[in-house]
Amino acid sequence: MHDLNWFGGGMMIFWWGFIIIGIIMGTKWIFSQSTDTHEDTSLEILKKRFARGEINKKEFLEKKNEID
C-alpha cells in the first residue's frame, strides 16, 4: 500500500511541474510573438532588395543617399 502512495505523490509533483513549465513556455512564446512583429526600416528593405539583385549598386547608393 505504501508504494501506491509514493507513486501518487510522484505523479502529483510531475503534474504540477508540467503545468508550471507549460505556463512559463507559453508566456515566453507570447512575448516572442509580440517582439517579432517589428517592421523593417527603409534602409533594411533597401539592403534586402540589393542583396536579392532587384536593384543595382548605382540605384542602391542613390536611394540610400535619399534615405539618409
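The values are calculated or read from the model by the stated rules, or taken from the named source; none is laboratory data. Please read these numbers as outputs of a predicted model, since none were measured by experiment. Virtual Cβ from ideal backbone geometry, glycine too; neighbours counted across all protein chains shown. Quick note on the areas: whole protein, heavy atoms, side chains included, nothing else; ligands and nucleic acids left out. Shrake-Rupley method; radii C 1.70, N 1.55, O 1.52, S 1.80 Å.
Kindly provide the set of residues from segment 52-61 that are out of contact with any Leu (no Cβ under 7 Å at 6 or more places or on another chain), open to solvent by less than 90 Å² (accessible area, probe 1.4 Å) and at negative phi, ordered by number. Steps first, please.
First pass over segment 52-61, keeping only residues out of contact with any Leu (no Cβ under 7 Å at 6 or more places or on another chain): 52-59, 61.
Checking which are open to solvent by less than 90 Å² (accessible area, probe 1.4 Å) leaves us with 53, 55-56, 59, 61.
Result: I55, N56, E59, L61.
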Can we say K47 is modelled with pLDDT of 90 or more, open to solvent by 90 Å² or more (accessible area, probe 1.4 Å) and assigned to a helix (DSSP H, G or I)? yes
